[in-house]
Amino acid sequence: YTSASNAGLYNITPASADASNNPKINYTLKDYQSILIDLLVSDPAASNCVTTDLTSGTVKFKFIHPLTRVDMVAKTGTDISKNDATKVFITGVSLIHTNKLNSKGTLDMKTLTWADNTTDYLASPYALTAYDNQKNECGILNLTTANFAGYTTSSIDISAGGTTATSLFIKKASGQNTDQFLFLLPVNNATGTANAGDVKVKIAYDIVNKTSDTTHAKSSVEKTVNLPAGVFKKGSAHKFIFTIGLNAITFDVDTDASWGTETNKDITVQ
């Protein structure tokens, strides 16, 4: 079972099945990052996935998340929220990998595992793109036109939050699912990446210093950080918390294997 209605819209199609093989679905990641979906599946034959209330006649299904979920937030290493002369703007984010992140997968609906796929991968770098509802651009980064001392680059201002992280992803209007995430195919099912650096994150940002009301000095920086081993497991949610400083990026990885409690890992990039 899959919860996605209009499955064809989300590039989910049943694979050919017969009496001697488990049913399978083919899943292809959409180009539109803001409408990547959370796929939910259940195995009706598994005793731990189905319970029946004999009194009410209700059959309850236990669903699992076969994808991996990614969230990204950022903050400054020093609280500059009250400094009206300096701001930090995120201008771009990309995932970098070498044949690790698949663009297509086939899920066995009985074993709830993804088949190996050594041919279909996301581009590297895999750039996270801007969301613009007016232009029908369905990216996920919350890039907006800056307005600071003549600096007007499409970016995300992370200065105002100080040591409170700012979301890099869009937030939809009330009445919709306001929290937006990337939903990606997992790496090696339940094991995730084998080595630190199998997947990296590249962040571009500008440190902008105001020189007058209409002029500024800008330092543009790109940093690439290694993600730790064991990320992108099936059913795991990761929040990457980037801390932007003048000379380095540090970040935590909050990992939620059951999409419940979280654990942290610290990484520093010089």
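Any idea which residue in the range 177-198 is surrounded by the fewest Cβ atoms within 10 Å (Cβ to Cβ), counting only those that are under 13 Å from the mean Cα position of the chain (by Cα) and within 15 Å of Leu67 (Cβ to Cβ)?
Pass one, the range 177-198, residues under 13 Å from the mean Cα position of the chain (by Cα): 179-186.
Keeping just the survivors that are within 15 Å of Leu67 (Cβ to Cβ) gives 180-186.
Values: Gln180: 21, Phe181: 21, Leu182: 20, Phe183: 18, Leu184: 23, Leu185: 24, Pro186: 24.
The extreme case among them is Phe183.
Counting the residues of the range 144-164 that are in a loop (DSSP other than H, G, I, E, B) and polar (S, T, N, Q) gives 6.
Is it true that Asp84 is under 25 Å from Ser167 (Cβ atoms), touching a strand residue (DSSP E or B) at 6+ places or on another chain (Cβ under 9 Å) and open to solvent by 40 Å² or more (accessible area, probe 1.4 Å)? When the stated conditions are applied, Asp84 passes them.
Taking the range 68-91 as the range and being closer than 20 Å to Ala217 by Cβ and outside any loop (DSSP other than H, G, I, E, B) as the test, the residues that pass are Thr76, Thr86, Lys87, Val88, Phe89, Ile90, Thr91. The set of residues in the range 92-137 being closer than 17 Å to Ala204 by Cα and in a loop (DSSP other than H, G, I, E, B) consists of Ser124, Pro125, Thr129. Can you pull out the residues in the range 2-55 that are open to solvent by 60 Å² or more (accessible area, probe 1.4 Å), modelled with pLDDT under 60, over 30 Å from Met72 (Cα atoms) and in a loop (DSSP other than H, G, I, E, B)? Passing the criteria: Pro44, Ala45, Ser47, Asn48, Leu54. Applying the set (1) at pLDDT below 95; (2) farther than 22 Å from Leu227 by Cα; (3) open to solvent by less than 10 Å² (accessible area, probe 1.4 Å) to Ser155 leaves exactly one unmet item: (1). Scanning the range 211-246 for residues that are within 19 Å of Val70 (Cα to Cα), of a type in the set (Val, Ile, Thr) and open to solvent by 20 Å² or more (accessible area, probe 1.4 Å) yields Thr224, Ile241, Thr243.
How many residues are open to solvent by 50 Å² or more (accessible area, probe 1.4 Å) and within 13 Å of Asn188 (Cα to Cα) when one looks only at the range 102-112? I'd like the intermediate steps shown before the answer.
Quick first cut of the range 102-112, residues open to solvent by 50 Å² or more (accessible area, probe 1.4 Å) only: 104, 110-111.
Still in the running and within 13 Å of Asn188 (Cα to Cα): none.
Result for the range 102-112: 0.
Pairs are defined by a Cβ separation below 6 Å, a sequence spacing of at least 6 or placement on different chains, a first member in the range 146-162 that is in contact (Cβ under 8 Å) with a residue 40 or more places away in the chain, and a second member that is small (Gly, Ala, Ser) and in a loop (DSSP other than H, G, I, E, B); the pairs so defined are Thr153/Ala146; Ser155/Ala146; Ala160/Ser81; Gly162/Ser81.
If the condition is being more than 16 Å from the chain's Cα centre (by Cα) and within 25 Å of Asn209 (Cα to Cα), then the range 91-124 contributes only Thr91.
The values are calculated or read from the model by the stated rules, or taken from the named source; none is laboratory data. Just so it is clear, the structure is predicted and the values come from calculations on it, not from any experiment. In this analysis, Cβ positions are derived from the backbone assuming ideal geometry, glycine residues included, and neighbour counts consider all displayed protein chains. In case anyone asks, the SASA skips ligands and DNA or RNA and just uses the protein heavy atoms, side chains included. Shrake-Rupley method; radii C 1.70, N 1.55, O 1.52, S 1.80 Å.
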